[in-house]
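Read-outs: derived from the displayed coordinates by stated rules, not from any lab. The structure displayed is predicted, hence computed values, not measured ones. Cβ atoms come from the backbone with ideal geometry, glycine included; neighbour counts cover every protein chain shown.
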């Protein structure tokens, strides 16, 4: 079982990896044995996360984490980050597209800037970064041990949220379907593409919502709680390890049942 869920010797890139769900995933991959590149727009937060994760890796005799800051809302930054990875590595085993944003406003007042910002970061950037990193993913993948692309969507792309976050919901639904499209195309090339659809987890993006409605959200879940770091780490390690090698095109809700039963 240890080898089934190991990613020892593998190299990963986690975008938006300095906090929240991205940090949960990065920590899980380091603990499972991967060398993890952590990217986020905030360089200081990125460096701090890499130090924290590297110390964790040393304690568990696992691999290190390396900070590579980038503002992935910009096309040129997607290409620059991919080039930096290519300068350091001859292959990339795991790509986690997690960087994202949200915007809430009443329908009559929802601004074009809020639509474009969220759609660009949540949907365009994962496509651009995956595209730019395809040569490294192809080198890493085989039919027995594929390279992995893991897109972080949301249950708001599966059901209708009560919150007025129109571009967020549309972007995540689009990311889920893009996951399926890429899975079909890249599977024959030795690359799996899957998505995780988180429900409520403690993160900066969810902070205000959890402060105002956290108890009600937990009560609405069939499992009667919000997500914990190990819940997110577990599904990411599953998809990245031998355990998930025959899974592609899947969108996996990690939400205590909210998105599929409520």
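For region 128-174, the relative contact order is 28 percent, taking Cα pairs closer than 8 Å that sit 6 or more residues apart in sequence and dividing their mean separation by the residue count. Mean-square fluctuations from a GNM of the chain, with a 10 angstrom spring cutoff on Cα atoms, peak among 100, 249, 153 at 249.
Stokes-Einstein D for region 81-178 at 37 °C, 0.692 mPa s, Kirkwood Rh over Cα pairs, in µm²/s? Rounded, D is 224 µm²/s. The gain in end-to-end length when the residue 109 to residue 180 segment is fully stretched comes to 22.3 nm, 0.36 nm per residue minus the alpha carbon separation. Across 11, 209, 130, mean-square fluctuation computed from a Gaussian network of the chain (C-alpha pairs under 10 Å connected) peaks at 209. Per residue, the convex hull spanned by the Cα atoms of region 121-197 measures out at 72 cubic angstrom.
Which residue fluctuates most in the GNM of the chain (Cα springs below 10 Å): 83, 45, 212? Comparing 83, 45, 212 in a Gaussian network model of the chain, the most mobile one is 212. Using only Cα atoms, figure out Rg for region 129-262 and give it as a multiple of 2.2 N^0.38 Å. Dividing the Cα radius of gyration by 2.2 N^0.38 Å gives 1.12.
Cβ-Cβ distance of residue 1 and residue 260, R₀ of 30 Å, FRET efficiency by 1/(1 + (r/R0)^6): the value works out to about 0.60.
Per residue, the convex hull spanned by the Cα atoms of region 5-118 amounts to 105 cubic angstrom.
Of the peptides 171-180, 157-166, the ranking by mean beta-carbon count within 10 Å, highest at the top, reads 171-180, 157-166.
Computed from the C-beta positions of residue 83 and residue 189 and an R0 of 22 Å, the FRET efficiency is 0.55 to the nearest 0.05. Which FRET efficiency value, to the nearest 0.05, do you get for residue 242 and residue 43 by plugging their Cβ-Cβ distance into 1/(1 + (r/R0)^6) with R0 = 41 Å? Rounded to the nearest 0.05, the efficiency is 0.75.
Scaled against 2.2 N^0.38 Å for its residue count N, the alpha carbon radius of gyration of the chain is 0.95.
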